Structure formats: C-alpha cells, structure tokens
Amino acid sequence: MKREMRSLRVVDCGVANYCEVLQKQHELHEKRRRGETPNTVLIVEHPPVITLGARQSANKLLVSREELAARQIDVVDIRRGGGATAHNPGQLVFYPILHLQELGLGIIDYIRELEAIGIELIHRLSIDTRRRAGFPGLWVGTKKIASIGVRVSKGVTYHGMAINIQNDLSIFDLLVPCGLNGVQMTSVLKETGVRHKMSCMKDRLKKLLVAHLS
C-alpha cells in the first residue's frame, strides 16, 4: 500500500564523535515522540569507536579496553539491538529517528526498509548483496558489508545502519562483529578496489532515504 508522503529531514553531521551524535539522537527522539520535530535521519562518519549492544553475550572484545584506549579507540556501551560493532572514517552510518506508526511500519518492516536502502546503494557500486535470515544487515557471499542495530522506544526509532565503503577493516580484528564467531567483514573498496567520494555516497544515500522513508 502506498504510504502518504511525509516530510523527512536529513542532516549531514560530517565526521563526529560517537557520544555527541548519540546525545543528538536522544534529543531528537524525545522531540519526535512529542511531535515537536519531523522524522529525521542523521548521516555521519565516526572517529574509531567500538560500540557494545544490549545483548551482552554478543559483546565480544578480543583485546582489553586498556589496549583499545592506548590505540585511541573509544568503547561505548549502548542499548541498541545486536552485539559489538565498530565504526571509523570511510564507513557510512545513518541514524533514523522515525515515528513508525505514522509511517505504517512494524519493526520487521522497518529493518527490511533499511536493508533495501543498503542493497540499492551498494548495487549502484557494482556489488550485489543479500539478506541473511535472522541476522540483520547485508552480506556479500559469506562476508558482511553492512550492520544494523536499532532500538524502538515509545514508537520512535533510533540507532541505525553502518555500511562499509572504504574504512579500515582492521578495527574489526579487535572484536567478534555482532557476536558472530568467524564472520569476515568486507567493504566496497575491498570488493571492487575502487574508492568513492564520501560526499557522493551521502548524496546518493539521502535520495534513497527520502524514497524509502518519506
């Protein structure tokens, strides 16, 4: 069923500290819940950071927090779904703050929309990705190229999706991504050998966000 057109605000946060963007998400979440701001998506790249999800059994670090601190990699405990994951420059991250009921979406539908956005974006870069039942995110064969970790509180979403464009994948050697033993991470650069301007990636993402979430 075609959804009624609604406004969607997309904000480019540049390269921004994870905790600062998390605080911004919380502020927008409260305003969206009260109807004081439209549905909003924050697009960002983060300095190196590892985030730990609500499912403790899936939070598996392979080095100590002290060693991570010595490498200038922050570790942040948060309440999204999923387990440990990592962010760093060259990874395209977006955080939708959306009122799901107004969009006519359930949580499963919402996750599939996020996956569809990633599939279309990556397909335009000459890579075919697939979903994997029971494991939100996107895969190239057996390698994972995009991760999803979301939370819905009082009908409004926050946290979101990270797509590996040309980030340094060695950060994932410091943890078990999403708690999945043996999973190998990949990126657009690793699969194609081609670098892309992140500004162009953001512009393409903005168009897909409006098409899927308005």
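All of the numbers you see were taken from the coordinates with simple rules; none came from a lab. Only a predicted model underlies this, so the values are computations on that prediction, with no experimental measurement involved. Quick reminder, even Gly has a Cβ in these numbers, built from the backbone with ideal geometry, and neighbours come from all protein chains shown.
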Point to revise | Equivalent ellipsoid, the range 158-214 (semi-axes from 5 times Cα gyration tensor eigenvalues, Å) | key: 24, 17, 9
**Study point:** Distribution of pairwise C-alpha distances over the chain, 5 Å bins, in %
**Key:** 1, 7, 16, 20, 22, 17, 11, 5, 1, 0, 0
**Study point:** Of Lys24/Lys60; Lys154/Lys207; Lys60/Lys154; Lys60/Lys197; Lys24/Lys207; Lys24/Lys154, those spanning more than 24 Å from alpha-carbon to alpha-carbon
**Key:** Lys24/Lys60; Lys154/Lys207; Lys60/Lys154; Lys60/Lys197
Practice item. May I ask you to derive the FRET efficiency for Ala69 and Leu180 from their Cβ-Cβ distance with R0 = 22 Å, giving the value to the nearest 0.05? Key: 0.30
Check your understanding: So what is the calculated 222 nm ellipticity per residue for the chain, using -39500 (n - 2.57) for each DSSP H run with n of 4 or more, over all residues, to the nearest 500 deg cm²/dmol?
Key -> -9000 deg cm²/dmol
Check your understanding: Quick one: Cα centre-to-centre distance for the range 142-209 and the range 93-130, in angstrom?
Key -> 12 Å
Study note, to complete from the structure: In the chain, whole DSSP H helices that both stretch 18 Å or further along their axis by alpha carbon positions and average at least 0.5 on the Kyte-Doolittle scale are 107-123
Exercise for review: Using the number of other C-beta atoms within 10 angstrom as an exposure proxy, rank Cys13, Cys200 with the fewest first.
Suggested key: Cys200, Cys13
Point to revise | Theoretical FRET efficiency, 1/(1+(r/R0)^6), r = Cβ-Cβ of Thr37 and Thr142, R0 45 Å, to 0.05 | key: 0.65
